[in-house]
Amino acid sequence: MVTDLGPRRQLGLLWGAVAALLLGLAPLGERLATALPACPLKSWTGVPCLSCGTTRSAVALAHFDVLGAFAVSPLATVGWMVLVAGGLLAGLAALGGHGVPELPRRLAWPGRLAAVAAVAANWIYLIWHGT
């Protein structure tokens, strides 16, 4: 019998499953990373794109090298850590009958400004360090 879990609880279960899958695939990270193509923007122009270093950051985190991951791409490292830790917590909460908290539909301007500043600072870092 299928019961209606509610969309927020379903999201928590899905997020938890993705986080568990990422942790399970972590030992294969380097092999899986070699299957990905090189960044086209960096290959053509020599300038890293906004997401350059994301895969290398994930591989470093799979080896528990948090400082190495931050050195490659600080914003991607934070993103990976939030994705996995938040997913595990959301999955556990969903298994306990709770859903993912609802986020506001619109981010206030200070939040938007902070997000743009974080992306810009990370991109400057990537260009500066030649990632």
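The values are calculated or read from the model by the stated rules, or taken from the named source; none is laboratory data. Just so we're clear, the structure is a prediction, and the values are computed from it rather than from any experiment. When we count neighbours, we look across all protein chains shown, and the Cβ atoms used for this are built from the backbone with ideal geometry, even at glycine. Protein only, heavy atoms only, side chains kept; ligands, DNA and RNA dropped before computing areas. Shrake-Rupley method; radii C 1.70, N 1.55, O 1.52, S 1.80 Å.
For a quick protection proxy, order the peptides 6-14, 34-42 by their average other-Cβ count within 10 Å, most packed first. Before the final figure, lay out each step's value.
On the way: 6-14: 16.2, 34-42: 10.6.
The packing order, highest mean first, is 6-14, 34-42.
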Problem set entry | Carbon and sulfur %, accessible surface of the chain computed with the full protein complex present, 1.4 Å | 73
Exercise. Among ALA71, GLN10, LEU92, whose Cα sits farthest toward the positive end of the charge dipole of the chain (+1 at Cβ of Lys/Arg, -1 at Cβ of Asp/Glu, about the Cα centre)?
Worked result: GLN10
Exercise. Counting alpha carbon pairs within less than 8 Å and at least 6 residues apart, what relative contact order, in whole percent, applies to the chain?
Worked result: 39
Exercise. If one puts a single equal scatterer on every Cα of the range 51-125 and applies the Debye formula without solvent, what log₁₀ I(q)/I(0) results at q = 0.14, 0.16, 0.24 Å⁻¹?
Worked result: -0.60, -0.74, -1.02
Problem set entry | Cα gyration tensor of the chain - equivalent ellipsoid semi-axes, whole Å, descending | 31, 20, 12
Seminar exercise, completed: Sorted on mean Cβ neighbours within 10 Å (highest first), peptides 59-65, 118-124, 100-106, 44-50 come out as 59-65, 118-124, 44-50, 100-106
